[in-house]
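*Asks:* Structure provided below as structure tokens; questions to follow.
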Amino acid sequence: MLAALDKHPKSIDEIIKELTDIFTGVEFKTLKHDAIEFYLFLTEEGYLSTGETYQECLHSERPKLSERQSNSITIQTKDCSKEVFGKSDFLRSLHIEVASACNERCVHCYIPHAYKNAVIDSSLFYSILKQARDLNVVNVTLSGGEPLLHPDIINFLARCRELDLSVNVLSNLTLLTDEILAEMKKNPLLCIQTSLYSMEPRVHDSITHLVGSFEKTKNNLLRLQGENIPLQISCPVMKQNKDSFIDVMQWGQRHAISVTVDPVIFATYDRTCSNLKERLSLEEIGAVIDKQLSETYVHAMREMAQEKIGQTNEAPICSICRYNFCISATGYAFPCVGWQSNIIGDLNRQTLREIWETSEKVQTLRQIKRKQFPRCVTCEDRGYCTVCMMSNANESPDGDIFCIDSFHCRVAAMTHQRIDTFRDTDGTTDSM
């Protein structure tokens, strides 16, 4: 349905006529009803404009962020298996590492610092975008390292806009310029995700190892918000910010910016686990959960748990290589952003289509089912855990994707217990 849209207004009947070639066998009336419902949802969220006439559509303005319903505190989950788009395996999204180079040296980063030295070749980037659009990809994520370090970042953003791609930029925002911001404002399908670790400059900067990074990131967040650009804050919690992360959540709530908190950082992809010395202990993770406990948080956690428990043993374990994959700054393809030790293709020698359709590794990853993790199938805490092959591989000395570190099991059990205890205290005695 997204592929039928572009920057020029179309009548709904024009759109449905295009969709009938995609959704074969679906009645026109049914397809029209479902499409209108979907497009109206996107309009209400501020991503589309509609009107009675062509001119009304052109001049319709996206709602201000302050006018949108804001869920400013979000639960982080590494669950990649939710089948939002159905069961067919076709490429919808690409994660492109524009630069592994970075001006920060965050202590928890999954990219080993020794590898933060490359930027993608511009001609390769444009080739990847063209191939992606030919395959009906609708979304790209541009990340690093720090993507704003790339000398062609403005042209990259412009090309994404010209191709009507939804763009998610993962940036620390310390290098945001007026010129970059001017281009970002032109794409109504662009959003920004950044990391803010604490509202105490000393704590934030101790994590990034870049003096002054807190003020630059915070100020540019407010600057982007003033331009009505959708934002999300990621707040991984580790030793340094375990006592002050809650201030980030409260700051985000005051400014109607969604904040995602994750108390369990994952290991570097070189399998040395060198960054895990910053990971919280089980007791510290429990304290982080306690600070977030509320009726809203518990309800959301239990809904996710119910969904996970309801998955069959034949369900795919993950969406990697089913809807998306990632590309490094050197042109290698890998399953997901933190799993660069597992090369599934080389865009310097292969096309996107060749990797997607013929890579043996891709085919193998698609076939991995939940039943291949027998220890997890009947676990009473499975609703509060995500079986992550990337995490398994990075924390296993030999890269074994089926080897689950017991620490994650203990985190799931503790989370389950705290959620149930909260519900019992609140007067609800059911458990899950």
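*Asks:* Using the structure shown, list the pairs from 116/242; 29/130; 29/371; 17/186; 291/369 with a Cα-Cα distance above 31 Å, or answer none.
*Replies:* Beyond 31 Å: 29/130; 29/371; 291/369.
*Asks:* Could you sort 389, 1 by their accessible area in this structure, using a 1.4 Å probe and putting the largest first?
*Replies:* Per-residue accessible area, sorted high to low, gives 1, 389.
*Asks:* For the range 255-309, rounded, prolate or oblate, judged on the Cα gyration tensor with a ≥ b ≥ c (square roots of eigenvalues), a/c < 1.5 rounded, else prolate if a/b > b/c?
*Replies:* The shape class here is prolate.
*Asks:* Let me ask another. Under a 1.4 angstrom probe, counting protein chains only, how are 381, 178, 247, 13 ranked by accessible area, largest first?
*Replies:* 178, 13, 247, 381
*Asks:* A further question follows. Given the options 330, 208, 53, state which has the largest fluctuation in a GNM of the chain using a 10 Å cut-off (strictly under) for Cα springs.
*Replies:* 53
*Asks:* Using the eigenvalues of the Cα gyration tensor, what equivalent ellipsoid semi-axes result for the range 275-432 when each is taken as the square root of five times the eigenvalue, whole Å, largest first?
*Replies:* Taking √(5λ) for each eigenvalue gives 34, 18, 14 Å, largest first.
*Asks:* Another one. Tell me, what is the percent relative contact order of the range 186-258, built from C-alpha pairs under 8 Å that lie six or more residues apart?
*Replies:* 41 percent
*Asks:* Here's something else I'd like to know. GNM, the chain, Cα, under 10 Å: largest mean-square fluctuation among 98, 203, 140?
*Replies:* 203
*Asks:* So which residue, out of 348, 220, 324, gets the largest mean-square fluctuation from a GNM of the chain using Cα contacts under 10 Å as springs?
*Replies:* 348
*Asks:* What value does the range 10-49 have for Rg/Rh, both radii from Cα atoms and Rh as Kirkwood defines it?
*Replies:* Reported Rg/Rh (Cα atoms, Kirkwood Rh): 1.00.
*Asks:* How big is the chain by Rg and Dmax over its Cα atoms, in Å?
*Replies:* When restricted to Cα atoms, the chain yields Rg and Dmax of 21.9, 61 Å.
*Asks:* Could you please state, rounded to a whole Å, how far the C-alpha centre of the range 220-253 is from the C-alpha centre of the range 171-206?
*Replies:* 10 Å
*Asks:* A further question follows. Under 8 Å for C-alpha pairs, at least 6 residues apart: give me the relative contact order for the range 114-262, rounded to a whole percent.
*Replies:* After rounding, I find 19 percent.
*Asks:* Using Cα-only point scatterers and the Debye equation, what is log10 of I(q)/I(0) for the range 141-214 at each q in 0.15, 0.16, 0.21 Å⁻¹, rounded to two decimals?
*Replies:* -0.53, -0.60, -0.90
*Asks:* When only Cα pairs under 8 Å and 6 or more residues apart are kept, what is the percent relative contact order across the chain?
*Replies:* 17 percent
*Asks:* Something else now. Using the Cβ atoms and a cut-off under 12 Å, what net charge is assigned to the surroundings of residue 137, where Lys and Arg are +1 and Asp and Glu are -1?
*Replies:* Spelling it out: positives minus negatives among the neighbours equals +2.
*Asks:* If r is the Cβ-Cβ distance from residue 283 to residue 360 and R0 is 35 Å, what FRET efficiency results, to the nearest 0.05?
*Replies:* 0.20
*Asks:* Let me ask something additional. Quick one, can you get me the convex hull of the C-alpha atoms of the range 187-233 expressed as volume per residue in Å³?
*Replies:* With only Cα atoms used, the range 187-233 gives 67 Å³ per residue.
*Asks:* Follow-up question, since we're still on this one. Could you work out [θ]222 nm for the chain from helices alone, using -39500 (n - 2.57) per DSSP H run of at least four and dividing by all its residues? Round to the nearest 500 deg cm²/dmol.
*Replies:* Taking each H run of at least 4 residues, the total per residue is -11500 deg cm²/dmol.
*Asks:* So, counting K/R as plus one and D/E as minus one, what does the shell of residues with Cβ under 15 Å around residue 154 add up to?
*Replies:* -2
*Asks:* If you don't mind, another one. Which net charge results when you count Lys and Arg as +1 and Asp and Glu as -1 among the other residues whose beta-carbon is under 15 Å from that of residue 12?
*Replies:* -4
*Asks:* Tell me, what is the FRET efficiency for residue 8 and residue 410 to the nearest 0.05, using R0 = 41 angstrom and their Cβ-Cβ distance as r?
*Replies:* Computed FRET efficiency for residue 8 and residue 410 comes out at 0.15.
The values are calculated or read from the model by the stated rules, or taken from the named source; none is laboratory data. Source: prediction; values computed, not measured. Positions of Cβ are generated from backbone atoms using ideal geometry, with glycine treated the same way; all protein chains shown enter the neighbour counts. All accessible areas refer to the heavy atoms of the entire protein, side chains included, with ligands and DNA or RNA removed. Shrake-Rupley method; radii C 1.70, N 1.55, O 1.52, S 1.80 Å.
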